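Colleague: Sharing a structure below in structure tokens format, with a few things to ask.
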Amino acid sequence: EMLRSLVGSEMCIRDRCYTLGATQDHAMWVLIHECTHNTALPSLRGNLFLHWIANIPIIFPSTISFRHYHLMHHSYLNETYNDPDIPGIWENRIFGRSAIGKATWLLLFPLLQGLRLDRFQEGSRPKFDFWLIGNFVVQIVYVAWIYYVMGWMSLIYLSLSSIFAIGLHPLGARWIAEHYAVDPNQETYSYYGIANRISFNIGYHNEHHDIPSVPWSRLPQLKKLAPEFYTPLVSHNSYLSVLKRFIFDPNFTLQSRVVRVSLSRRDK
């Protein structure tokens with residue numbers, strides 16, 4: 001009943017997806033990120049079960065795959081062929097430097113991120129195991145239940161909320177803020193703005209990459225313990241400013257990354 005009241009009429013669905021829905025889904029993605037590093041709960045199994053639960057409102061069964069590729073991102077940070085976070089050559093060619101192209105790229109980011117993974121060979125993909133199968137089963141059951149009880153409008157609301165949460169949205173700009181370079185000598189950037197309060201401190205990204213085992217609640221404390229390392233670094237205070245600069249600055253593009261070349265894989 002609560003979800004049905006949130007969705008309301010077709011005229012309201014877009015605004016509610018973009019504001020309330022996307023904000024909630026973004027928080028779930030950051031919780032999934034905590035589970036990926038086994039910092040949400042004490043045990044590995046507990047974190048894997050919480051992966052399933054946090055994925056439920058996101059609709060698309062993606063949390064176990066995210067775990068696999070995100071850990072690769074940490075292992076091969078900014079390596080051109082091994083880091084799944086690096087855009088493919090074809091993305092740069094298609095979307096280019098224009099505001100329309102980059103806004104479209106962000107809008108389609110959930111889809112493009114999946115297509116990008118085609119460059120990884122069979123041995124680098126997630127294992128088809130109990131946790132991956134369970135992720136799909138839980139989502140299929142949930143989607144069927146939502147459709148049966150609340151109808152297709154509720155599924156549209158949840159789906160659009162999930163797409164906006166990691167796409168063309170101020171919170172979606174987090175994916176730009178973390179590793180797209182505004183300084184040619186710096187690979188990773190922290191964000192110290194107010195959105196950390198609703199995002200499990202995900203903005204403390206340099207701190208997180210330095211010690212991924214530190215849980216979200218202690219990242220501000222880590223920064224305070226080592227100000228000589230973090231204070232001199234370039235950082236962000238507004239995701240909205242990052243979003244505007246990325247879209248409208250022709251010199252801030254998908255190629256604005258400090259990367260290291262790795263020849264062990266092919267790019268497409």
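Colleague: Taking a probe of 1.4 Å, how large is the accessible area per residue of region 137-261, in Å²? Spell out each step's value before the answer.
Modeller: On the way: 6270 Å² over 125 residues.
On a per-residue basis, region 137-261 sits at 50 Å².
Colleague: What is the total of Lys pairs in the chain with C-alpha atoms under 28 Å apart, excluding same-chain pairs fewer than 8 positions apart?
Modeller: Lysine pairs meeting the criterion: 4.
Colleague: Here's another thing I want to ask about it. What's the angle, to the nearest 10 degrees (0 to 90), between helix 239-248's Cα axis and the longest principal axis of the chain?
Modeller: 70 degrees
Colleague: Using the alpha carbons of the chain, what is the convex hull volume per residue in cubic angstrom, as a whole number?
Modeller: Roughly 134 Å³ of hull volume per residue.
Colleague: OK, next. Measure off, as a whole percent, the carbon and sulfur share of the 1.4 Å-probe accessible area of the chain, all protein chains present.
Modeller: About 64 percent, which is the carbon plus sulfur part of the accessible surface.
Colleague: With contacts defined as alpha carbon pairs under 8 Å and 6 or more residues apart, what's the relative contact order of the chain in percent?
Modeller: 29 percent
The values are calculated or read from the model by the stated rules, or taken from the named source; none is laboratory data. No experiment lies behind these values; they were computed from the predicted model shown. Remember, those area values only see protein heavy atoms, side chains included, never the ligands or the DNA or RNA. Shrake-Rupley method; radii C 1.70, N 1.55, O 1.52, S 1.80 Å.
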